Each structure stands twice: as C-alpha cells, then as structure tokens.
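Chemist: Starting off with a structure, shown below.
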Amino acid sequence: MSDVNWTITPGLDLATRAAQAVDRCCALGRFTETPGTITRTFLSQPMHDVHRVLREWMTALGMDSFVDSIGNLRGVLRAANPQRLVIASHLDTVPNAGAYDGILGVVLALALIEASLESAPPPFGIEVIGFSEEEGVRFGLPFLGSTAFTGGFPPELLDHPGKDGTTIGQAIRDFGLDPSKLSNAVFHPETRAYLEFHIEQGPVLEKLDLPLAAVEGIAGQSRFHIQITGQANHAGTTPMDLRKDALAAAAHWICAVEHYARSTTGLVATVGRLQVKPGAGNVVPGEVEASLDVRHLNDSIRNEAVHALLDSAQQIAAARGLTFDAQPLLDQPAVLCAPDLTSSLRRSLRAAGYNDHVMSSGAGHDAMIVAPHIPTTMLFLRSPGGISHHPSESVLVSDVAAALETGLCFLNDLEKDF
Ligand SMILES: [Zn+2]
C-alpha cells in the first residue's frame with residue numbers, strides 16, 4: 001500500500017480527491033484471495049485487510065468504527081443532531097472482479113466526508129457501511145450483509161453450508177465474530193435516509209454522454225425454466241414437412257421475445273441458456289430447455305410481458321405440433337427508491353451543474369434490500385464501455401469528482417429534512 005497516499009490532506013480540490021479515491025480503490029484491490037485477480041468473498045481473509053485500512057481512514061476522519069456480527073464494516077461520524085444518513089455499498093466481489101463494483105461506493109462515501117469536513121460538516125450524523133456480502137459467491141445467497149442490517153436475517157440461515165461444508169455461522173466465528181449477536185448489525189433507530197453510490201454496470205450513461213444518474217428504483221424480475229418438446233428423428237430421412245423440430249421452434253420464439261422487449265419501453269427480456277437434446281448434428285432436435293429472464297421497473301408491465309411471452313411460446317409450439325411447458329423460478333417485485341430522496345438527489349445534480357437524469361437499475365443492489373425499511377436512493381456513475389464484473393471495469397476520475405460534488409450538494413439539501 002506504500003505507493004498510495006492514505007493521509008488526510010486538507011485543501012485538495014475535488015478532482016484531486018476523486019483521483020485519490022480511484023487510486024485507493026485500486027490499492028484495496030490488492031487484498032484478494034487469488035493473487036493477480038481481485039476476488040474477495042464474504043468473510044475471507046483479505047476482507048480483514050480491507051477493514052483494517054478503511055478503519056484507519058475512518059479514525060483519521062474522526063469516525064467511530066466497528067465490525068458488526070455479519071461482518072459489515074460500520075463507521076459513524078457523529079454530530080449534534082443524532083439523526084443519521086447512511087452511505088453504503090459492498091466490499092465483497094465476484095471472482096476475477098474489477099476494482100470498483102461496490103467498494104467505490106464506500107471509498108467515495110469516506111472521500112465525501114473528508115471533503116465535507118473542510119467546508120461545513122453536516123449537522124446530522126453520517127454512517128458509512130461496507131457491507132460484507134452482496135454478490136452471493138461464497139454461500140450462493142446474495143445480500144447477507146444488508147439483510148442483517150435491516151433485521152431480516154433468519155437465524156436458521158446460520159446453518160446454511162457453503163461449497164466447502166463450512167456453515168455461515170462457522171464462517172462468522174472463523175472471522176472472529178459472534179453469530180449470536182446479529183442484532184448488533186441492525187440499523188440505528190435514528191437512521192433517516194440511505195444513499196448508495198454505485199457504478200452503473202451498463203452502457204446507458206455512456207450512450208447518453210452523462211457522468212451520473214439518480215436511480216428511481218430497481219427493476220422487478222421474473223425467471224422461468226422453459227421446455228419445448230417435439231420429436232427427435234433422423235436428419236437425413238425425415239422430410240422437412242414431417243418434422244417436430246424443437247430447436248427451430250425455440251429459435252422462432254427467441255426472436256419473438258427480442259421483438260417484444262424492443263417494442264416495450266424499459267423492458268429487458270433474455271433467453272440466456274439453451275440446452276438442445278439430443279444435441280447431435282445428424283439428429284432433428286427433439287427437446288429444448290431454455291431460460292427466460294424478464295425485468296421492468298413497473299411490475300404490471302413485467303407481468304403483462306411474461307404473460308405475452310409465454311403465450312407466444314405456446315402458440316409457436318402448437319403451430320408446429322409441439323408441446324410447451326414453463327416453470328416459474330423467480331418472481332421478484334420491483335423496489336422503488338423514496339421519491340422525496342430521489343428528488344433531493346436530482347436537485348443536487350442540478351445544483352452541482354449536471355444533468356439530473358433519472359433511470360432504473362436492472363441489477364440488484366443492497367439499496368433494494370434497504371429501501372423497504374429506510375428512505376433510500378442511489379447515484380449511478382457511468383461505466384466506461386458498460387463493463388463490470390470483469391478486470392477491465394473502470395470509472396472516469398471526472399465522474400467520481402462529479403459524484404463528490406453532487407454528494408456535497410446532497411448533504412446540504414438534506415439539512416432541511418433532518
Ligand atoms: Zn455491486
């Protein structure tokens with residue numbers, strides 16, 4: 001960590017602070033389970049190192065810090081007004097990750113506090129949280145950190161085993177924490193608002209040539225397992241008009257899915273997995289198993305789409321004399337951000353001199369878990385190339401500076417509500 005400056009430097013402009021935040025994210029990327037890549041899962045050894053470094057920074061900023069019993073890093077900057085704003089994101093990563101997904105939100109929060117302390121620190125408290133688990137890599141269950149924060153962590157989940165047989169409860173003990181004290185992870189009763197800075201992880205802001213956007217909500221999601229059944233037969237001896245080709249029907253339907261989603265504003269629909277049986281070059285495909293993933297911020301538009309897409313599969317299959325079946329796997333409603341808080345964030349974008357673009361998130365975030373409990377909003381930063389969950393994930397220093405500037409205006413704007 002020696003070539004990155006972690007000292008508190010007064011008098012820096014926001015561009016320099018932003019460059020420092022980006023350097024710090026890269027430096028923290030060196031704490032990994034797999035050297036040469038960034039892989040840092042829930043309660044892994046390198047998470048201790050990330051906590052240690054971030055806690056040193058918190059202490060230098062005058063914050064009290066601790067690690068709660070699910071492994072969330074918590075730092076509080078106290079003020080005369082006991083009410084607090086939480087600014088949070090996650091510290092865990094997917095395997096072979098980039099340096100910014102999650103951790104940028106935590107580093108940016110601390111950089112924002114550092115910048116605010118120089119001018120006029122807010123009269124209310126700010127709690128910065130680095131959630132321990134969002135990606136779901138180690139135990140196949142996402143959002144463990146934010147779920148415990150909302151008080152919704154079911155105690156029986158402590159017995160849930162990971163791939164190596166270690167349970168969540170044992171992993172907590174191995175990290176030096178006490179799983180019987182999960183109540184210490186629950187949010188402080190004076191918490192009034194939640195803000196999450198996160199990279200967009202998509203190409204929309206880049207396409208619009210905008211650095212930032214306020215997030216109005218996180219799209220709901222439907223997933224299905226689809227099965228189209230025809231008749232496998234000899235590719236040489238079965239004439240075209242006597243075939244029951246399940247793959248040809250699936251191909252027809254996949255194009256219909258794409259067409260429907262393209263003509264419905266805000267809808268995304270994906271067939272991402274296809275298994276063809278028997279899967280031989282000289283056999284007419286007799287059976288296809290496929291996935292369907294449908295997302296929209298408006299649940300009734302999503303449900304209408306699901307209905308139409310399954311209906312179209314049914315009709316395409318029937319017209320070819322095939323059978324069709326769909327099993328629902330997931331029906332997750334959309335989560336809306338708090339309109340007042342998102343309006344405040346949009347005012348802050350304008351006050352900082354930026355376009356107040358508002359968009360929905362197609363990916364899940366900790367904010368989605370928190371929103372039903374605490375007024376929540378999110379600020380997206382442009383993802384160059386739309387790339388994330390990949391080592392080439394990046395962020396522009398000027399966009400980080402824009403986020404800092406917007407964050408300062410947001411702290412100002414919140415003063416009247418606290
Ligand atoms: Zn993330």
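Chemist: Among the residues of region 75-95, which ones are more than 15 Å from the ligand (Cβ to nearest atom) and either under 13 Å from the mean Cα position of the chain (by Cα) or under 21 Å from Cys25 (Cα atoms) (or both)?
Modeler: Within region 75-95, the first condition is being more than 15 Å from the ligand (Cβ to nearest atom), and the residues that meet it are 75-86.
Correct list: Gly75, Val76, Val86.
Chemist: If a residue has to be within 9 Å of the ligand (Cβ to nearest atom) and either aliphatic (A, V, I, L, M) or open to solvent by 10 Å² or more (accessible area, probe 1.4 Å) (or both) to count, how many in region 105-115 make the cut?
Modeler: Initial filter on region 105-115 (within 9 Å of the ligand (Cβ to nearest atom)): 105.
Still in the running and either aliphatic (A, V, I, L, M) or open to solvent by 10 Å² or more (accessible area, probe 1.4 Å) (or both): none.
Of the residues in region 105-115, 0 are within 9 Å of the ligand (Cβ to nearest atom) and either aliphatic (A, V, I, L, M) or open to solvent by 10 Å² or more (accessible area, probe 1.4 Å) (or both).
Chemist: Quick one: how many residues across region 267-290 are exposed (fewer than 15 other Cβ atoms within 10 Å of the Cβ) and over 18 Å from Gly236 (Cα atoms)?
Modeler: The first filter runs over region 267-290 and keeps only residues exposed (fewer than 15 other Cβ atoms within 10 Å of the Cβ), leaving 272-275, 278-282.
The next check asks that each one be over 18 Å from Gly236 (Cα atoms); those that pass are 272-275.
Total satisfying the criteria: 4.
Chemist: For the subset of region 350-398 comprising residues that are within 16 Å of the ligand (Cβ to nearest atom) and of a type in the set (Asp, Glu), which member is farthest from Ile126 (Cα to Cα)?
Modeler: So the residue we want is Glu393.
Chemist: May I ask you to list the residues in region 147-179 that are touching a residue at least 12 places away in the same chain (Cβ under 8 Å) and assigned to a helix (DSSP H, G or I)?
Modeler: Within region 147-179, Thr147, Ala148, Phe149, Pro155, Leu157, Leu158, Ile168, Ala171, Ile172, Asp174, Pro179 qualify.
Chemist: When you scan region 170-190, do you find a residue that is closer than 30 Å to Ala18 by Cα, open to solvent by 60 Å² or more (accessible area, probe 1.4 Å), in the same structural domain as Gly71 (by TED's automatic domain parsing) and not small (Gly, Ala, Ser), even just one?
Modeler: yes
Chemist: For His48, only one of the following conditions fails: (1) away from the ligand (no atom under 15 Å from the Cβ); (2) touching a His at 6+ places or on another chain (Cβ under 7 Å); (3) touching a residue at least 60 places away in the same chain (Cβ under 8 Å). What is its number?
Modeler: So His48 meets the others, but not (2).
Chemist: When you go through (1) surrounded by 13 or more Cβ atoms within 10 Å (Cβ to Cβ); (2) over 30 Å from Asn72 (Cβ atoms); (3) in contact (Cβ under 8 Å) with a residue 40 or more places away in the chain one by one for Gly202, which number turns out not to apply?
Modeler: Condition not satisfied by Gly202: (2).
Chemist: Here's a follow-up. Conditions: (1) modelled with pLDDT under 95; (2) more than 16 Å from the ligand (Cβ to nearest atom). Leu141 meets all but one. Number of the miss?
Modeler: Going through the list (1) modelled with pLDDT under 95; (2) more than 16 Å from the ligand (Cβ to nearest atom), Leu141 breaks only (2).
Chemist: Can Phe131 be described as in contact with a strand residue (DSSP E or B) (Cβ under 8 Å, 6 or more places away or on another chain), assigned by TED's automatic domain parsing to the domain that holds Glu200 and modelled with pLDDT of 95 or more?
Modeler: Numbers: in contact with a strand residue (DSSP E or B) (Cβ under 8 Å, 6 or more places away or on another chain): yes; assigned by TED's automatic domain parsing to the domain that holds Glu200: yes; modelled with pLDDT of 95 or more: yes.
For Phe131, the condition - in contact with a strand residue (DSSP E or B) (Cβ under 8 Å, 6 or more places away or on another chain), assigned by TED's automatic domain parsing to the domain that holds Glu200 and modelled with pLDDT of 95 or more - is met.
Chemist: Contact list please: Cβ distance under 7 Å, first residue in region 105-120 and within 14 Å of Arg24 (Cα to Cα), second residue buried (at least 23 other Cβ atoms within 10 Å of the Cβ) and of a type in the set (D, E, K, R), pairs at least six apart or on different chains.
Modeler: If the second residue must be buried (at least 23 other Cβ atoms within 10 Å of the Cβ) and of a type in the set (D, E, K, R), the pairs left are Gly105/Glu196; Val107/Arg24.
Chemist: With the structure loaded, tell me whether Asp92 is farther than 23 Å from Ala18 by Cβ, open to solvent by 30 Å² or more (accessible area, probe 1.4 Å) and outside any strand (DSSP E or B) or whether it fails that test.
Modeler: On the way: farther than 23 Å from Ala18 by Cβ: yes; open to solvent by 30 Å² or more (accessible area, probe 1.4 Å): no; outside any strand (DSSP E or B): yes.
Judged against the criteria, Asp92 is not a match.
Chemist: Check whether at least one residue in region 167-190 is away from the ligand (no atom under 16 Å from the Cβ), farther than 25 Å from Cys409 by Cα and acidic (Asp, Glu), and report yes or no.
Modeler: yes
Chemist: Could you tell me how many of the residues in region 385-410 are more than 17 Å from Ile103 (Cα to Cα) and of a type outside the set (A, V, I, L, M)?
Modeler: Filtering region 385-410 for residues more than 17 Å from Ile103 (Cα to Cα) gives 385-386, 398, 402, 405-406, 408-410.
From what's left, of a type outside the set (A, V, I, L, M): 385-386, 398, 405-406, 409-410.
Adding up the residues that qualify gives 7.
The values are calculated or read from the model by the stated rules, or taken from the named source; none is laboratory data. Quick caveat, the model's predicted, so the values are computed rather than measured. Cβ coordinates were reconstructed from backbone atoms using ideal geometry, including for glycine residues, and neighbour counts include every protein chain displayed. Side chains are part of the model used for accessible areas, which takes the heavy atoms of the whole protein and leaves out ligands, DNA and RNA. Shrake-Rupley method; radii C 1.70, N 1.55, O 1.52, S 1.80 Å.
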